[in-house]
Ligand code: UDP
């Protein structure tokens, strides 16, 4: 049985990856320090004899007994609000954490896939973003702690590949959504859905003309799985190129949730990218992969998930009004 270590296992993408690898017949070792992850995302796996969980912070030395075939490094805060609340942990997990996991991969002779991000492109000056674009990042801005940690992570990963001959893969993940996103992570989809369910106005940051391209989680996981199994070691964008303005997106949410929410405008956070759309032609060429789930279907599944949360959970103060964190 092949053995895989997944860091950030209790998080949104990490927990979906655990499910996927269990379903593919792997022995899965999940690891998480639970700063932003939640055990309820993997509670269903605890009875599985092919799953085990380590409560561990990967910025400290990582010890895993036995052999490992694959490592997927998905531990990291991943929303702009989280970077503001825990900036130093964000920098450490992308740098020190990645270093520990690359060292572990080398010791175990395992192939390692690193979760990178569209944020390496910063506020992009070319559109759509291809893997060949070097990015436009403000190192000292509020997002710099995430963007630069991920850029360093890519450099370190390439250095291990080139210097040690380690088998490495780098996925650049564009805005991904679906069940198990955290209601209070501050990102636009949980924010709008939480607001709709509480009967609050939807908060648009800035004038709402900024764009994003949203990828459903099942598509993202399929792309990551194919990349891990491929023989391509340079970064690959995985995302859905269907681009939409935040204004139009808010209207879609109102339509989907069947509510008559008003829209209120709040200040735009500093360095919030004006446009974002992945060029996924490389993924299509080398992985024969492209996003398949349309936004209507994906958003409906996501809303169905948020509807299962308890009223008590929905009303928690920490899940409301993220605009107070805007810098
Ligand atoms: N946004 C918004 N209202 C919210 C939360 C986010 O208008 O309540 C905007 C945010 O400013 C950004 C876009 O939605 O332009 C996507 O934000 P998100 O935090 O989901 O991810 P990002 O792509 O910026 O990392």
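Within the set 23, 41, the sole residue that is within 23 Å of residue 238 (Cβ to Cβ) and buried (at least 18 other Cβ atoms within 10 Å of the Cβ) turns out to be 41. The C-beta contact set for the stretch 205-225 (first residue closer than 27 Å to residue 289 by Cβ and touching a residue at least 60 places away in the same chain (Cβ under 8 Å), second residue near the ligand (Cβ under 9 Å from one of its atoms) and in a helix (DSSP H, G or I), distance under 6 angstrom, 6+ apart or interchain) comprises 210/246. Taken over the stretch 65-119, the criterion of being surrounded by fewer than 21 Cβ atoms within 10 Å (Cβ to Cβ), part of a loop (DSSP other than H, G, I, E, B) and within 16 Å of the ligand (Cβ to nearest atom) is satisfied by 86 alone. Looking at the stretch 10-20, which of its residues are buried (at least 24 other Cβ atoms within 10 Å of the Cβ) and more than 12 Å from the chain's Cα centre (by Cα)? Result: 10, 18. Of the helices (runs of 4 or more DSSP H) lying entirely inside the stretch 262-327, the ones with 1 or more residues being surrounded by 14 or more Cβ atoms within 10 Å (Cβ to Cβ), within 20 Å of the chain's Cα centre (by Cα) and away from the ligand (no atom under 14 Å from the Cβ) are found at 281-287, 295-307.
For the stretch 157-238, the strands (runs of 3 or more DSSP E) that sit wholly inside it and include 2 or more residues that are within 14 Å of the ligand (Cβ to nearest atom) are 168-173, 202-205, 211-213.
Are any of the residues in the stretch 135-146 closer than 16 Å to residue 73 by Cβ, touching a strand residue (DSSP E or B) at 6+ places or on another chain (Cβ under 6 Å) and part of a helix (DSSP H, G or I)? Looking through the stretch 135-146, none of the residues is closer than 16 Å to residue 73 by Cβ, touching a strand residue (DSSP E or B) at 6+ places or on another chain (Cβ under 6 Å) and part of a helix (DSSP H, G or I).
Right, residue 157: in contact (Cβ under 8 Å) with a residue 60 or more places away in the chain and within 30 Å of residue 231 (Cβ to Cβ) or not? Here the answer is no, as residue 157 does not meet what is asked. The set of residues in the stretch 94-125 that are within 14 Å of the chain's Cα centre (by Cα) and under 23 Å from residue 70 (Cα atoms) comprises 94, 113, 114, 115, 116, 117.
Here, each number is a calculation from the coordinates, and none is a lab measurement. Being a predicted model, the structure only gives us computed values, none of them experimental. We place every Cβ from the backbone using ideal geometry, glycine too, and count neighbours over all the protein chains shown.
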